């Protein structure tokens, strides 16, 4: 054996040992990227006004983004002058129908009393003619025939009055019913107008943080501003409960065997890399969804809870989730 060979062999072993990658002290980790979202939030939309054909409303007051509000605080207010005027007009219309119904009822009551008096007179005439007919035995033949004709005429007149009175009562009931329907429609329109007026003020349904939504306006995306027109049904803001946040992410199908519900995780924010939070895999969708980039790639939706609260945790921030294996 040549001199120095064992030394070289020893040196080779040492070099091989140094070339091996060091073992990770915490074990292998799986990194997933997602975004922060609130556990509880309430979206705010431009109100849809009932009973009108308005296409837009003007924003007169808007809470500033990032404002912390309490339940019941004013979030947004719209110009309500048109709704107030409409409510007053519908109220006046309703009260006009009420007065018209009262007058119609009074006129019908007077007409009914007049008809009842005429019927009473006709009934008395029939009774009087009947009494005259009862004396026909002691009267001449001509007088007896006159009495019979008078009784027949009185009965016919009474029958005609009864039919006329019945038809008049039906016509009066129909006319009154038409007015009542018009009154009810006017009352519904009044109530709708008042409801529209109340919709012009939207208060916060919970304690939280105001986050303005980005909407399409004037050919570009942007946040709504005071003084602008807003179309009904458009989302303009969201009130976020900042006390509880979570991370929504998607896990590639190739890594799904490495995760399970309840698995602990460490969450860091791309905007604040010096801050980290403890979390846990809370939900995992049982069915994969197709990736928009490729039909062959499928992902599973995952929801990670975040322990505690922090002012740096705001919605839509990019986050990295390291799953402990």
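Nothing in this text is a laboratory measurement; each read-out follows from the coordinates by a stated rule. A quick note: this is a predicted structure, and the numbers were derived from the prediction, not measured. Glycine also receives a Cβ, built like all others from the backbone with ideal geometry; neighbour counts cover every protein chain displayed.
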So if we plug the beta-carbon distance of residue 123 and residue 40 into 1/(1 + (r/R0)^6) with R0 = 56 Å, what FRET efficiency do we get, rounded to 0.05? 0.10
Using just the Cα positions, wrap the range 82-122 in a convex hull and report its mean projected area in square nanometres, one decimal place. 2.4 nm²
Using alpha-carbon coordinates alone, the radius of gyration and Dmax of the chain in Å work out to 43.8, 178
What is the Cα convex hull volume of the range 166-325 when expressed per residue in Å³? 276 Å³
Helix 81-133 sits at what angle to the longest principal axis of the chain, using alpha carbons and giving 0 to 90 degrees rounded to 10? 30 degrees
The chain: relative contact order from alpha carbon pairs under 8 Å, six or more residues apart, as a whole percent, is 32 percent
P(r) tail for the range 247-311, what percent of Cα pairs lie past 20 Å? 35 percent
For the pair residue 244 and residue 318, how long in nm is the line joining their label points, each one 7 Å along Cα→Cβ? 2.9 nm
At 0.36 nm per residue, minus the direct Cα-Cα distance, what do residue 140 and residue 266 gain on full extension? Give it in nm, one decimal, please. 32.8 nm
Sorted peptide list for 280-291, 185-196, 31-42, criterion being average Cβ within 10 angstrom, highest first: 185-196, 31-42, 280-291
Can you give me the C-alpha center-to-center distance between the range 302-317 and the range 163-181, rounded to a whole angstrom? 70 Å
What number, rounded to the nearest 500 deg cm²/dmol, is the helix-based mean residue ellipticity at 222 nm of the chain, given -39500 (n - 2.57) per DSSP H run of at least four residues and division by all its residues? -14500 deg cm²/dmol
Highest-fluctuation residue, 74, 119, 209 considered, GNM on the chain with Cα pairs under 10 Å: 119
Once the piece of chain linking residue 174 and residue 30 is laid out straight, how much longer is it, given 0.36 nm per residue of separation minus the C-alpha distance between them? 44.0 nm
So if the hydrodynamic radius of the range 83-198 is defined as the Kirkwood radius over C-alpha pairs, what does Stokes-Einstein give as its diffusion coefficient at 37 °C and 0.692 mPa s, in µm² per second? 183 µm²/s
Nearest 10, in degrees from 0 to 90: the angle of helix 141-199 to the longest Cα principal axis of the chain is 20 degrees
Once the Cα atoms of the range 235-278 are picked out, what are the Rg and Dmax in Å? 14.3, 40
Nearest 10 degrees is fine. How inclined is helix 5-19 to the longest principal axis of the chain, computing both from alpha carbons? 10 degrees
